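*Asks:* Encoded as structure tokens, here's the structure I'll be asking about.
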Amino acid sequence: MPIKKTEITPDKERAIKEYGAKQITVLEGLEPVRKRPGMYIGSTGPSGLHHLVWEVVDNAIDEAMAGFCNEIIVTLLPGSKVSVIDNGRGIPVEIHKQTKKSALETVLTVLHAGGKFGEGGYKVSGGLHGVGVSVVNALSIWMKAEVHRDGKIYQQEYKRGKPQYKVKPVGKSKRTGTTITFEPDPEIFETTQFSLKTIYEHLRRQAYLTKGVKIKVLDERPEEERAGTSRPREYAFYFEGGIASYIVHLNHNNKIKQENVFYVDKEEGGTRVEIALQYVDDYKESVFCFANNIINAEGGSHLIGLRTALTRVLNNYGRKQGLIKEKEENLSGEDTREGLVAIVSVKVKDPQFEGQTKAKLGNPEVRTHVETVFGDAFQTFLEEHPKDAEAVLEKNLLAARARKAARLARESVLRKGALEGMTLPGKLADCSSRDPKSSELYIVEGDSAGGSAKQGRNRETQAILPLRGKILNVERSRLDKMLTNNEVKSLIIALGTNIGEQFEIDKLRYDRIIIMTDADVDGAHIRTLLLTLFYRYFPEIIRQNHLYIAQPPLYQVKYGKEFQYAFSDEERDKIVARVQNEKLAKGKTKEKIKAEEIKVMAEGEEIAEGEEKTEKSAGYSIQRYKGLGEMNPEQLWETTMDPARRVMKIVTIEDAAAADEVFDVLMGSEVAPRKRFIQTHAKSVKNLDV
């Protein structure tokens, strides 16, 4: 794929000449990567696989943030190969003094080698640890690097991180840039099939965060490798408005309270601060924080700076305009953030992240820089847009009144819970252990299933909380209304963490919170309502991997005096096939088996819920479970609650912005976006239960 030449200014030309092997700093070797890949990419599952692409793209984004790249092309090639092309300066190729090898080979084969540690390589960088592209090389069965630089094309290939020949010129070029093509090692990864949807979503966000850079995605895989995706084979992302455009995208399904999007992009004290925000008619706060294009799920100093300045400016403006009366108390931070959708993105020369996942930014000076830039710009915005300012303050004041009502309701809930102990409306059957690390709470649908769960559980470590009916949809309710719901109150007291600004994760009474509902439409709806509650009001429980979804079996297959449970149609089919093969082994012909067989596998025929398909001559029977209440305590224990045999899914948040949008669409008050979602995805639904 041809790529255009970057425009070069005199300053950039000087920087290009200075960007050489001396900017490549080496810290340590590469050997540990293949032994413990999870330490470097998080996992060897799909998220780790896609992390390889992000690492290579991050190098190109770093060039873009430095002002030397304005186009990136990511191509999915046949055979699980991926190519990333940029029109940056090109990785240096001359001999590195320390390693006595080409700088290109050093960057791609030595851990912690790159232009991000010494002076003169990059002012700002996302891949701060410098392990990125060398880790990709180590975890690839094959990689090829192609560098366009100094009028030539240089090339080197690798197998599992080992160079196959020295860096060599292979042609002439009139442009600059780097092309990295790699094939993930199937010995390392659980799957080597890339998801076009995942790649689109990640690169769209990177394009928003790096305004003026065009990111193109091409899918050149054959149909059998595309896993049935209907997404286009070619797509390009380019946003001149940067994160202001991102705010418009996030709010396209929301009812807007503030007509004009606030946006500021300014450098202060060596930190580039870029902030966009808009208020919507909602009860929650949605703020996404980034440092050097890396998402900080837990916020940090830039988030504190934004919140502090926001509360101060709105209170000052409200007092000045008489919108906040003299005898009224100031708006709290919680009041000013209700309905806020904001993005704060900072570019820092030396970011200090807390934890390996870079979930929180620690630089104290960034707080001051964000406060200064945002405070001044937002004050000006309110004065220049009085209608928007009035709408925002009205929403803030309404939130303040609701907060006071919610505080009274919350105090009532907690006071009542403390007095009544565990004799709750939800009939909590607590475990005898008081050690949270060994305790788990099952949230169960209905009294029938709750009864079986209570009898079948391990009373030492497993607590049961049955829910009567469906809980409130918290997406459409404020905290004060939510706390009047008996089921929600029971859950809050059972968790022990409190809620809202008083939430304390350290007081969580159970290490695992397990949602256990029936495998039907009602069960799925209850599960979704509970997930909405946890995502909106207990997100830290999800982030710290405390929330799970139980997987009860769909079928019981009996054959002779034995039986097996199947958790999917595919598993059911395998069990039946094995029974048939055993019959063959005992001398029965295929024709005989076919004559005897129950025709549950015939095309178009389904087993109704709760119905048992059986025929004595067949030698086996299949029962489709309608709900957990159909199982006796022993069955529920051995299939769904026994830690040695149960199957559970852990609930995670891969992309907070995407998750936020899905909850808005599916659980919000606007009907039109939900209708569009259903129409778009209806054909992909399997085994619809109506």
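The values are calculated or read from the model by the stated rules, or taken from the named source; none is laboratory data. All values reported here derive from a predicted model rather than from experimental measurement. All Cβ positions, glycine included, derive from the backbone under ideal geometry; neighbour counts span all protein chains shown. We work out accessible area using only protein heavy atoms, side chains counted, and drop any ligands, DNA or RNA first. Shrake-Rupley method; radii C 1.70, N 1.55, O 1.52, S 1.80 Å.
*Asks:* Residue by residue through region 500-516, which ³J(HN,Hα) values in whole Hz follow from phi under the Karplus form 6.51 cos²θ - 1.76 cosθ + 1.60 (θ = phi - 60°), with glycine and proline marked x?
*Replies:* My calculation for region 500-516 gives x, 5, 8, 4, 9, 5, 5, 9, 4, 7, 9, 6, 10, 9, 10, 7, 10 Hz in order.
*Asks:* If packing is taken as the average count of other Cβ atoms within 10 Å, what order do 34-41, 135-142 fall into, highest mean first? Numbers along the way, then the final one.
*Replies:* Working: 34-41: 15.0, 135-142: 23.6.
Highest to lowest by the protection proxy: 135-142, 34-41.
*Asks:* Another question about this same structure. What pairs in Lys327/Lys395; Lys144/Lys174; Lys489/Lys649; Lys17/Lys172 have C-alpha atoms more than 22 Å from each other? It would help to have the intermediate numbers written out before the result.
*Replies:* Working: Lys327/Lys395 19 Å; Lys144/Lys174 20 Å; Lys489/Lys649 25 Å; Lys17/Lys172 19 Å.
Going by Cα-Cα distance, Lys489/Lys649 fall outside the 22 Å limit.
*Asks:* Also, I was wondering about something else. Compute the distance in nm between two label points, each set 7 Å from the Cα along the Cα-to-Cβ direction, one at Lys101 and one at His252.
*Replies:* With each label placed 7 Å out from Cα toward Cβ, I get 4.5 nm.
*Asks:* Report the label-to-label distance for Glu94 and Glu298 in nanometres (one decimal), using points 7 Å from each Cα along the Cα→Cβ vector.
*Replies:* Taking the two extended label points, one gets 4.3 nm.
*Asks:* Could you calculate the contour length gain from Thr484 to Val521, that is, 0.36 nm times the residue separation minus the distance between their Cα atoms, to one decimal place in nm? Intermediate results must be reported in sequence, preceding the final value.
*Replies:* Values: separation 37, 0.36 × 37 = 13.32 nm, distance 2.60 nm.
Result for the pair: 10.7 nm of gain on full extension.
*Asks:* Now for a different question. According to a simple spin-label model (label point 7 Å from Cα along Cα-to-Cβ), what is the distance in nm between Asn458 and Glu634?
*Replies:* 2.0 nm
*Asks:* Right, something else. Between region 559-584 and region 312-356, how far is it from one alpha carbon centroid to the other, in angstrom?
*Replies:* 60 Å
*Asks:* Work out how much length Glu224 to Gln502 would gain on full extension: take 0.36 nm times their residue separation and subtract the Cα-Cα distance, in nm to one decimal. Write down the numbers at each step before the final one.
*Replies:* On the way: separation 278, 0.36 × 278 = 100.08 nm, distance 5.14 nm.
Gain on extension, Glu224 to Gln502, equals 94.9 nm.
*Asks:* Let me ask another. For the ranges 202-208, 458-464, what's the packing order if you count other beta-carbon atoms within 10 Å of each residue, average per peptide, and put the highest first?
*Replies:* Per-residue mean Cβ counts within 10 Å order the peptides as 202-208, 458-464.
*Asks:* Name the shape class, rounded, prolate or oblate, that the alpha-carbon gyration tensor gives for region 174-213, where a ≥ b ≥ c are the square roots of its eigenvalues, rounded holds for a/c under 1.5, and otherwise prolate holds if a/b is larger than b/c and oblate otherwise.
*Replies:* Because a/c hits 1.5 or more and a/b fails to exceed b/c, region 174-213 counts as oblate.
*Asks:* I've got another one for you. List the pairs from Lys214/Lys255; Lys101/Lys168; Lys152/Lys349; Lys101/Lys159; Lys35/Lys81 whose alpha-carbon separation is above 20 Å, in the order I gave them. Write down the numbers at each step before the final one.
*Replies:* On the way: Lys214/Lys255 30 Å; Lys101/Lys168 12 Å; Lys152/Lys349 32 Å; Lys101/Lys159 18 Å; Lys35/Lys81 22 Å.
Listed pairs above 20 Å: Lys214/Lys255; Lys152/Lys349; Lys35/Lys81.
*Asks:* While we're here: Quick one: what are the phi-derived ³J(HN,Hα) couplings along region 452-464, Karplus 6.51/-1.76/1.60 with θ = phi - 60°, whole Hz, x for glycine and proline?
*Replies:* Each residue's phi maps through the Karplus curve to give 5, 5, 5, 6, x, 6, 8, 5, 5, 10, 10, 9, 10 Hz.
*Asks:* Of Lys325/Lys507; Lys347/Lys507; Lys507/Lys675; Lys427/Lys481, which pairs sit farther than 30 Å apart, going by alpha carbon to alpha carbon?
*Replies:* On the way: Lys325/Lys507 38 Å; Lys347/Lys507 36 Å; Lys507/Lys675 40 Å; Lys427/Lys481 22 Å.
Distance filter (> 30 Å) returns Lys325/Lys507; Lys347/Lys507; Lys507/Lys675.
*Asks:* Then there is this: Compare the peptides 437-445, 246-254 by average per-residue count of other Cβ atoms within 10 angstrom and give them in order, highest first.
*Replies:* 437-445, 246-254
*Asks:* Quick check: at a probe of 1.4 Å, how many percent of the accessible area of region 226-344 sits on carbon and sulfur atoms? Walk me through the numbers on the way to the answer.
*Replies:* On the way: 2310 of 5170 Å².
Heavy-atom surface of region 226-344 belonging to carbon and sulfur, 1.4 Å probe: 45 percent.
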